[in-house]
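Structure, as structure tokens:
The values are calculated or read from the model by the stated rules, or taken from the named source; none is laboratory data. What you are looking at is a predicted structure, and each value in this text was computed from that prediction instead of being measured. When we count neighbours, we look across all protein chains shown, and the Cβ atoms used for this are built from the backbone with ideal geometry, even at glycine.
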Amino acid sequence: MRVLILGGDGFCGWPTALHLSARGHDVAIVDNLSRRRIDGELGVQSLTPVRDIHERIAAWKEVSGHEIGFHDITVGKDYDALLDLLKTWRPDSVVHFAEQRAAPYSMKSARHKRYTVDNNLNATNDVLAAIVDSGLDIHLAHLGTMGVYGYGTAGAAIPEGYLTVKIETPDGWVEREILYPANPGSIYHMTKTQDALLFQFYAKNDHLRITDLHQGIVWGTQTEETRKDERLINRFDYDGDYGTVLNRFLMQSAVGYPLTVHGAGGQTRAFIHIQDTVRCVELALAHPPERGDRAEADENDLVVENKCLLDYGLNPIRLADGLLMEVAEIARAYADRADLSKIPCHSHWNAERAAAASAPGKAVAAE
Ligand SMILES: NC(=O)c1ccc[n+]([C@@H]2O[C@H](COP(=O)([O-])OP(=O)(O)OC[C@H]3O[C@@H](n4cnc5c(N)ncnc54)[C@H](O)[C@@H]3O)[C@@H](O)[C@H]2O)c1
């Protein structure tokens, strides 16, 4: 299969590219390296020494014998370049990771809100429009987040796919299928809820084949492939904007920093190991929906159905599986690269919370 990975230099994209390449798929990456520039803007760096994209790709060729192509295209802006790539390279599938993915970053200022909306919504719409424009029957897989549903449920499991509701009309009750009600907690999550509407529209209007994988918080850093050579190492974000909770806690314990627990510490979240993320993408690509079908798979949740992926053979890595130690060891190995002043989160969502944040221990959660 030929697979184009948008955002293939990122935390989820890079190990996905290697995993699919290792399984013999023909893989190419599109990335504008914006995430690396944001590190510069925030004055932080990945805890792990992530190599330049060209060095990474060359190392993979050396280790595996497989080539991975790279295209520096801004999805959502360089429309003609994207369309041209689809038409000439003719992928069977496109995996779309090319979005700004940090909730705290999206809430830092008007500039960050505008960048996140502009980047994410135009990226998603451009990919969809370009697939239609190409005339090719390309399956699109996208990584959404469980965070679009907020962090409470009506007491029932969030269904895979659509929710059947009954609406009272003058002629009696009628049944309708709707997207599960979204309840975004940040501008970043809001863009993900809009993505879902774009997918629904293009599936209905153009019969595009789309799989939207709604994942919990991804933890871990290494996969079977990134472990093969230090030059292939994956990102490890620990800072207050991009670091996500479990990896941050493991890193904080490794460097002896007090855990940045938010509120009373009683919140629950769904987690998925990065190895399972890449496996879920592989399973989604192996089981595309038919044209006109509607598929949406949730992978991990507070209360959610993920039967579809389990039926496809996913055997999820549990927190007890020993990988917590591996992550803690990585955090210890690269502890000298950590800048402890970057651990607290300084994004405060609104004026009220900014005022409250002057009291200690009132930061907000990432992802
Ligand atoms: N990390 C998580 O815990 C998690 C959980 C659920 C869902 N997701 C979703 O998975 C996707 C990838 O997340 P990640 O953690 O790998 O993020 P990341 O920031 O590490 O990677 C995103 C990559 O996309 C690139 N990019 C961004 N906008 C682009 C554009 N317009 N054109 C080209 N390249 C662009 C960036 O340079 C970066 O390399 C996101 O959509 C995110 O919402 C992530």
> Out of all the residues in region 155-193, which are in a loop (DSSP other than H, G, I, E, B), over 17 Å from Gln215 (Cα atoms) and among the hydrophobic types (A, V, I, L, M, F, W, C)?
Replying inline: Ala156
>> Name the residue that is nearest to the ligand (Cβ to nearest atom), counting only residues in region 194-229 that are part of a loop (DSSP other than H, G, I, E, B) and farther than 23 Å from Leu310 by Cα.
In response: Leu208
> Of the residues Asp92, Asp78, Asp133, which single one is under 22 Å from the mean Cα position of the chain (by Cα), surrounded by fewer than 23 Cβ atoms within 10 Å (Cβ to Cβ) and away from the ligand (no atom under 15 Å from the Cβ)?
Replying inline: Asp92
> Which ones in region 1-21 are within 9 Å of the ligand (Cβ to nearest atom), touching a strand residue (DSSP E or B) at 6+ places or on another chain (Cβ under 8 Å) and not hydrophobic (A, V, I, L, M, F, W, C)?
Replying inline: Gly7, Gly8, Asp9, Gly13, Thr16
> Of everything in region 137-162 that's surrounded by 14 or more Cβ atoms within 10 Å (Cβ to Cβ) and more than 16 Å from the ligand (Cβ to nearest atom), which residue is modelled with the lowest pLDDT?
Replying inline: Thr153
> Restricting the first residue to region 61-90 and requiring it to be within 21 Å of Leu136 (Cα to Cα), which pairs with a second residue that is within 14 Å of the ligand (Cβ to nearest atom) and among the charged types (D, E, K, R) meet a Cβ separation below 6 Å and a spacing of at least six or different chains?
Replying inline: Val75/Asp126; Gly76/Asp126; Tyr79/Asp126
>> With the structure loaded, tell me whether Val278 is out of contact with any Cys (no Cβ under 8 Å at 6 or more places or on another chain) and either more than 15 Å from Cys12 (Cα to Cα) or at pLDDT 90 or above (or both) or whether it fails that test.
In response: no
> Counting just the residues of region 22-46 that are within 10 Å of the ligand (Cβ to nearest atom) and assigned to a loop (DSSP other than H, G, I, E, B), which one comes out farthest from Glu224 (Cα to Cα)?
Replying inline: Asn32
> Considering only region 183-221, how many residues are without any contact (Cβ under 8 Å) to a residue 12 or more places away in the chain and more than 23 Å from Asp126 (Cβ to Cβ)?
Replying inline: 0
> For the subset of region 61-73 comprising residues that are away from the ligand (no atom under 12 Å from the Cβ) and of a type in the set (Asp, Glu), which member is surrounded by the fewest Cβ atoms within 10 Å (Cβ to Cβ)?
Replying inline: Glu62
> Within region 219-237, is there a residue that is of a type in the set (Val, Ile, Thr) and in contact with an Asp or Glu (Cβ under 6 Å, 6 or more places away or on another chain)?
Replying inline: no
>> I'd like the full set of residues that are surrounded by fewer than 24 Cβ atoms within 10 Å (Cβ to Cβ), assigned to a strand (DSSP E or B) and aliphatic (A, V, I, L, M), limited to region 1-21.
In response: none
>> On the basis of being of a type in the set (A, V, I, L, M, F, W, C), modelled with pLDDT of 75 or more and over 16 Å from Glu224 (Cβ atoms), does Leu340 make the cut?
In response: yes
> When both residues are 6+ apart or on different chains and their Cβ atoms are under 8 Å apart, which pairs have a first residue that lies in region 222-242 and is in contact (Cβ under 8 Å) with a residue 12 or more places away in the chain and over 14 Å from Arg36 (Cα atoms), and a second that is among the small types (Gly, Ala, Ser) and within 15 Å of the ligand (Cβ to nearest atom)?
Replying inline: Gly240/Ala366
> In region 48-60, what residues are away from the ligand (no atom under 13 Å from the Cβ) and either modelled with pLDDT under 95 or part of a loop (DSSP other than H, G, I, E, B) (or both)?
Replying inline: Pro49, Arg51
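Examine region 244-257 for a residue that is at pLDDT below 85 and either within 23 Å of Ser186 (Cα to Cα) or within 16 Å of the ligand (Cβ to nearest atom) (or both), and state whether such a residue exists. Outline the logic, then answer.
Restricting attention to region 244-257, the residues satisfying the condition of being at pLDDT below 85 are none.
No, every residue in region 244-257 fails to be at pLDDT below 85 and either within 23 Å of Ser186 (Cα to Cα) or within 16 Å of the ligand (Cβ to nearest atom) (or both).
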